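One structure is given here, and the rest of the page talks about it.
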Amino acid sequence: DTTVKQNPRYKLARVGKPVNLICSQTMNHDTMYWYQKKPNQAPKLLLFYYDKILNREADTFEKFQSSRPNNSFCSLYIGSAGLEYSAMYLCASSRGWFSYEQYFGPGTRLTVL
Amino acid sequence: GDQVEQSPSALSLHEGTDSALRCNFTTTMRSVQWFRQNSRGSLISLFYLASGTKENGRLKSAFDSKERRYSTLHIRDAQLEDSGTYFCAAERKQQGTGSKLSFGKGAKLTVSP
């Protein structure tokens, strides 16, 4: 099973409220990623976990948090949603540290009002 | 700066014709993936290449094995259902920070009768 699952598929949030998105995979992949995708833009890497080590991109460091309680699950947390957070959030996983295919989930479409 | 230059950004084809999309990389890449974005905004993986070529039905992708500075996606006998936005993403060859994909800006393909 090469499926990456994401919940929820659609999320509506109010400005200033927290948002928690969930991703899971059962492929025993070491690395899990979160991307943000806005219309007519390329996906933007936000952060990734290699095993238990979290790597956050410098330009989004303070905007997103993440946790990985076990190998299969990874969350993306927004402490206080702003309008600019409206986007598709894509989770992906890969087997190792580098040179492995990334498998993407179906995404969570977040709308902040 | 941008490491992946995708061209063309938009392409219109008639059914039954052939065409190709291309991604140039400003630096040597380890691997490349090609995706098609579906109507919901999710990314559907088409190919993963560390070298050489792969073919799947009417689609064929190649990754320059020598210089590792470009990749192509060929579409043969284009069909209406091929319409969509195609992204390439390449894995940078760097030490110590794990596998990161750099995405192109996408190519919007429209196939008409």
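Observations, loosely collected:
- Net charge contributed by nearby residues that have their C-beta within less than 13 Å of A:K63 (K/R +1, D/E -1): -2
- Cα shape, chain A, gyration tensor, a/c 1.5 rule: prolate
- Chain A, relative contact order [Cα under 8 Å, separation at least 6], %: 38 percent
- Tail beyond 29 Å, pair distance distribution of the protein assembly as shown (Cα, percent): 27 percent
- Sorted largest first, the principal axis extents computed over the alpha-carbon atoms of chain B equal 48, 28, 20 Å.
- The stretch between B:A10 and B:S39 holds 8.8 nm of extra length on full extension. This uses 0.36 nm per residue minus the Cα-Cα distance.
- All-pairs alpha carbon distance profile, segment A:58-100, 5 Å steps from 0, percent: 5, 15, 23, 25, 19, 9, 4, 0
- Rolling a 1.4 Å probe over the protein heavy atoms of segment A:4-96, with every protein chain left in place, gives an accessible area that is 50 percent carbon and sulfur.
- Taking all protein chains together, A:K37, B:K54 sort by accessible area into B:K54, A:K37, largest first [probe 1.4 Å].
The values are calculated or read from the model by the stated rules, or taken from the named source; none is laboratory data. Since we're looking at a predicted model, the values are computed, not measured. Glycine also receives a Cβ, built like all others from the backbone with ideal geometry; neighbour counts cover every protein chain displayed. These area figures cover heavy atoms from the full protein model, side chains too; ligands, DNA and RNA do not enter into them. Shrake-Rupley method; radii C 1.70, N 1.55, O 1.52, S 1.80 Å.
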